[in-house]
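The values are calculated or read from the model by the stated rules, or taken from the named source; none is laboratory data. What you are looking at is a predicted structure, and each value in this text was computed from that prediction instead of being measured. Cβ placement follows ideal geometry from the backbone for every residue including glycine, while neighbour counts extend to all protein chains displayed. Side chains are part of the model used for accessible areas, which takes the heavy atoms of the whole protein and leaves out ligands, DNA and RNA. Shrake-Rupley method; radii C 1.70, N 1.55, O 1.52, S 1.80 Å.
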Amino acid sequence: MTKKPFSPASARNREPILAALQTLLRDCRSVLEIGSGTGQHAVHFGAALPGITWQTSDLEANHEGIRAWLDEAALPNVLPPLALDAGGDDWPAGPFDAVFTANTCHIMAWTEVEGMFRGIGRVLAPGGMLCIYGPFNRGGQFTAASNAQFDASLRAQAPHMGLRNVEDIDALAQQQQLVLVADLPLPANNNLLAWRRAG
């Protein structure tokens, strides 16, 4: 039996994110999660939102760990992971009522973030919601000393990583006919940004 991977950050942030999603996704029936990581968010949100079909996805290297969480939870509304390189062109057909992703934009290269938004534009239904969680800069400035330290640690790992500006992310969203409807401050200097696509 595969040992379940565990992310302390996912365990810490799941309740504040869920509280926001319960409102933002109240009219949604299907969600594509980009970068499901360990699978912890999927099982937590899927259990709390039984009326939503939660489609996990990630690079294939992470599928075994995701399946370990899904197998133990045995939730009928949380689906096995799809192979998805968010920056690439091979995406599921959709449409999905919502797309959710957490802590991905600062890990991917900017060209991959651009590719992710193009993919979201193809799979998000009219009137659909896009929700992105993570730390962001504002006007090119860090919002907290801890975020500046986190950014430095990311760039030390790989130069393509780093915190993104909310304004730059929103510009990509606007290219896909998405309008920012929520910018929610969450613990530890993170935010949940939400856009709605015109119906």
Quiz item: Counting only residues 5 or more places away or on other chains, whose amide H sits under 5 Å from the amide H of GLY128 once H atoms are built in the peptide plane?
Solution: ARG197
Quiz item: What accessible area per residue, rounded to a whole number of Å², is obtained for region 35-110 using a probe radius of 1.4 Å?
Solution: 41 Å²
Quiz item: Roughly what percent of Cα-Cα pairs across region 144-199 reach past 16 Å?
Solution: 55 percent
Quiz item: How much length is gained if the chain between ALA109 and ALA158 is pulled fully straight, taking 0.36 nm per residue apart and subtracting their Cα-Cα distance, in nm to one decimal?
Solution: 16.7 nm
Quiz item: Taking θ as phi - 60°, what are the ³J(HN,Hα) couplings along region 181-197 by the Karplus curve (6.51, -1.76, 1.60), each to the nearest whole Hz, with x for Gly and Pro?
Solution: 10, 8, 9, 9, x, 10, x, 6, 6, 10, 9, 10, 9, 9, 10, 10, 8
Self-check item: Per-residue SASA entry for CYS28, accessible area with 1.4 Å probe, Å² rounded to 10
Solution: 10 Å²
Quiz prompt | Cα lying deepest toward the dipole's positive end in the chain, options ALA73, ALA61, MET116, charges on Cβ | solution = ALA73
Exercise. Could you work out the relative contact order of the chain, using alpha carbon pairs under 8 angstrom and six or more residues apart, expressed as a whole percent?
Key: 19 percent
Quiz item: At what distance in nm do the modelled label points of ALA47 and ARG67 sit from each other, each positioned 7 Å from its Cα along Cα→Cβ?
Solution: 2.2 nm
Practice problem: Using θ = phi - 60° and the Karplus relation 6.51 cos²θ - 1.76 cosθ + 1.60, list the HN-Hα couplings for region 102-116 in order, rounded to whole Hz, with x at every Gly or Pro. | Solution: 10, 6, 10, 4, 7, 8, 7, 5, 4, 4, 6, 4, 4, x, 4
Practice problem: Amide H neighbours of SER36 under 5 Å, at least 5 residues apart or on other chains, H built in the peptide plane: list them. | Solution: SER57, ASP58
Exercise. Show the residues, 5+ positions off or on another chain, whose built amide H is closer than 5 Å to the amide H of THR143.
Key: ARG138
Quiz item: Nearest 0.05, what FRET efficiency do ARG29 and SER7 give at R0 = 30 Å with Cβ-Cβ as r?
Solution: 0.65
Self-check item: Directionally averaged shadow of the chain, computed from the convex hull of its alpha-carbon atoms, nm²
Solution: 10.4 nm²
Quiz item: Which value, in Å² and to the nearest 10, is the accessible area of TRP69 when all protein chains are kept and the probe is 1.4 Å?
Solution: 40 Å²
Exercise. On the full set of protein chains, 1.4 Å probe, figure out the accessible area of LEU180 and give it in Å² to the nearest 10.
Key: 70 Å²
Self-check item: CD proxy at 222 nm, helix term only [per DSSP H run n ≥ 4: -39500 (n - 2.57); per residue of the chain; nearest 500]
Solution: -11500 deg cm²/dmol
